[in-house]
Amino acid sequence: MYPFHMPGHKRNLESTPMKGAFRCDITEIDGFDNLHDESGIILEAQERANKLYGSDKTYFLVNGSTSGVLSAVSAALKEGETILAARGSHKSFYNAAYLRHLNIKYLPYKIDSRYGIPESYTKEDIIGSITEDVKCVFITSPTYEGKCSDIKAIADACHEKNIPLIVDAAHGAHFGFKGDEDFAGAEYQSIPYSAVKLGADLVIHSVHKTLPSMTQTALLHVQGNLIDRDRLKRFLRIYQSSSPSYILMSSIDLCIKEIQENGREFVDNLLKYRNKIQIATAKCRCLEIPGKSAIDDAAKVLIYVRNGTMTGQALYDILREEYNLQLEMAGDKYALAIISGWDTNEGIDRLISAVLEIDARLAADDRQKDGSAHKSCDNKHSNTEECYKAKDDSTYDLECRLPEVAMSIGIAWDAETENVAFNDAEGRISAEFVNLYPPGIPLIAPGEVFSKEIIDEIVHYLDEGMNVQGLVDRKGFICVRQK
Ligand SMILES: Cc1ncc(COP(=O)(O)O)c(C=O)c1O
């Protein structure tokens with residue numbers, strides 16, 4: 001099984017010296033340090049990570065970006081305040097809103113209508129949504145599928161209003177490191193700048209997702225004067241284990257050292273692999289791997305099925321079952337592979353061969369069905385020119401409607417509930433999240449009102465056999481607030 005998924009070390013033993021992990025599984029004994037009150041070797045390791053990304057202060061996280069998002073949101077707002085965020089935010093964001101009784105104001109829900117993936121945000125989106133009550137903005141960039149928002153302009157817009165910007169960059173730990181300006185130079189223009197460099201106040205990086213570090217390892221960066229450092233530290237102590245793993249912490253430190261020493265080679269490899277995939281698959285007729293104009297992050301290889309000749313899940317299953325290629329996830333019309341600088345030529349070649357073979361099969365089926373032209377598989381969007389060099393502006397936005405909000409998540413989640421049949425749910429207030437996986441964007445959140453459209457949408461996804469989570473059962477019951 002070849003791993004086109006997290007973690008970024010790809011089980012490549014050469015990517016990490018973490019062999020014999022028990023040897024470094026220490027605890028807060030003499031001569032060592034305490035993550036919750038660091039003053040020695042952990043502080044020094046955090047400072048090394050900080051140097052790479054260039055914020056004011058960097059904290060190690062041993063409970064994943066999850067603990068970083070919880071701490072950042074909790075520190076940036078007081079209980080009951082309002083935060084502006086995208087609907088597609090990770091569940092740790094919603095959990096923070098629940099724990100701190102926050103009100104969420106949503107940004108317009110934008111979908112790239114060609115590939116059906118969440119769209120990125122511009123300064124105008126933010127300015128159009130910041131009202132007086134908004135005390136903080138929360139943006140995910142890059143998204144799971146690799147779209148990046150205009151963080152510099154958004155940070156400027158937030159700072160004009162004197163409110164902080166949190167960027168959930170869990171998937172962007174490999175973006176432009178500070179200290180080696182060449183990373184942002186001509187050769188590397190395909191690697192976006194990190195959200196730290198672009199001026200966000202709080203940035204969360206899962207080093208385990210795209211860099212060679214162990215699962216659960218992440219970083220939280222803070223800069224500027226809008227975030228109270230003592231509050232932030234208090235919440236880090238609340239949300240993280242009181243026994244932080246030295247294996248995880250040393251994994252972060254070794255990962256940072258690896259990037260400092262070989263980061264240039266990592267970026268070279270990532271772009272080389274990505275461009276190889278892009279060029280080799282450019283002439284596919286039924287499958288398409290969108291390039292830089294649609295996907296900013298070179299690490300995300302979206303294999304899109306044109307015109308519904310196959311579902312994303314079917315493509316994912318074929319790659320797994322027939323080619324032993326395990327991808328990260330399947331969407332409605334695509335399967336998503338994650339690549340990193342620690343992939344191998346052999347692995348990349350296997351992915352390319354599989355994509356070409358499946359494409360040829362689909363094209364042959366198509367010809368048989370149609371008898372003449374390659375109607376459904378016509379390559380109208382050749383990606384030959386889309387190597388990772390420069391960005392153009394072609395996006396395809398679609399705004400979707402969000403449900404009416406009756407009360408905050410905190411109030412709705414703590415209320416008395418009952419289960420009702422789908423048919424009787426119209427007008428009732430949801431007491432649960434109902435999510436479509438992947439990527440897990442809520443169809444409805446606690447405190448929102450079931451409309452006929454939402455109920456029909458859920459029934460449609462169930463009929464299609466898709467993975468809808470948060471229902472009482474798949475037969476037709478939903479959890480709502482008692483009247
Ligand atoms: C956008 C985003 N933020 C945060 C997280 C949480 O990261 P972790 O698994 O490191 O806790 C994830 C995990 O998938 C994510 O996709």
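What the table shows:
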{"quantity": "Residues with amide H under 5 Å from that of MET329, placed H, sequence gap 5 or more", "calculated": "LEU336"}
{"quantity": "Residues with amide H under 5 Å from that of TYR2, placed H, sequence gap 5 or more", "calculated": "LEU325, GLN326"}
{"quantity": "Positive-end residue of GLY176, TYR94, SER241, charge dipole of the chain with Cβ unit charges", "calculated": "GLY176"}
{"quantity": "Highest to lowest packing among 49-60, 213-224, 462-473, scored as the average C-beta count within 10 Å", "calculated": "213-224, 49-60, 462-473"}
{"quantity": "Ranked list, fewest to most other Cβ atoms within 10 Å of each Cβ, for ILE117, ILE111, ILE238", "calculated": "ILE238, ILE111, ILE117"}
{"quantity": "Label-to-label distance, nm, for residues given as ILE411 and ASP37 (7 Å Cα→Cβ offset)", "calculated": "4.1 nm"}
{"quantity": "Amide proton proximity set for CYS136, modelled H, under 5 Å, gap of 5+", "calculated": "LEU84"}
{"quantity": "The chain: relative contact order as a whole-number percent, Cα under 8 Å and 6+ apart", "calculated": "18 percent"}
{"quantity": "Helix-only CD estimate at 222 nm, as mean residue ellipticity for the chain, using -39500 (n - 2.57) per DSSP H run (n ≥ 4)", "calculated": "-10000 deg cm²/dmol"}
{"quantity": "Gain upon complete extension [ASN467, SER293; 0.36 nm per residue less C-alpha separation]", "calculated": "59.7 nm"}
{"quantity": "Cβ-placed point charges (K, R +1; D, E -1), dipole of region 264-388 about Cα centre in debye, nearest 20", "calculated": "320 debye"}
{"quantity": "Shape of region 1-153, Cα gyration tensor, a/c cut at 1.5", "calculated": "oblate"}
{"quantity": "Most to least packed among 403-416, 306-319 [average Cβ atoms within 10 Å]", "calculated": "306-319, 403-416"}
{"quantity": "Sites GLN482 and TYR109, calculated FRET efficiency, Cβ-Cβ separation with R0 35 Å, nearest 0.05", "calculated": "0.75"}
{"quantity": "DSSP bridge pairs, the chain: antiparallel proportion in percent, nearest 5", "calculated": "65 percent"}
{"quantity": "Region 264-388, relative contact order in percent, only Cα pairs under 8 angstrom and at least six apart counted", "calculated": "38 percent"}
{"quantity": "Ranked list, fewest to most other Cβ atoms within 10 Å of each Cβ, for CYS255, CYS24", "calculated": "CYS24, CYS255"}
{"quantity": "Mean separation of Cα contacts under 8 Å, 6 or more apart, over the residue count of region 403-481: relative contact order %", "calculated": "41 percent"}
{"quantity": "Cα-centre dipole for the chain with unit charges at Cβ (Lys and Arg positive, Asp and Glu negative), debye to 20", "calculated": "260 debye"}
{"quantity": "Order of HIS36, HIS171 - criterion: other Cβ atoms within 10 Å of each residue's Cβ, fewest first", "calculated": "HIS36, HIS171"}
{"quantity": "Principal axis dimensions, the chain - Cα atoms, whole angstrom, descending", "calculated": "75, 60, 44"}
{"quantity": "Label point 7 Å beyond Cα of LYS78 along Cβ direction - residues of region 134-174 with amide nitrogen under 18 Å", "calculated": "134-137, 162-164"}
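Computed from the coordinates by the stated procedures, all read-outs in this text should not be read as laboratory data. On a predicted model such as this, the values are computed, not experimentally measured, just so you know. Positions of Cβ are generated from backbone atoms using ideal geometry, with glycine treated the same way; all protein chains shown enter the neighbour counts.
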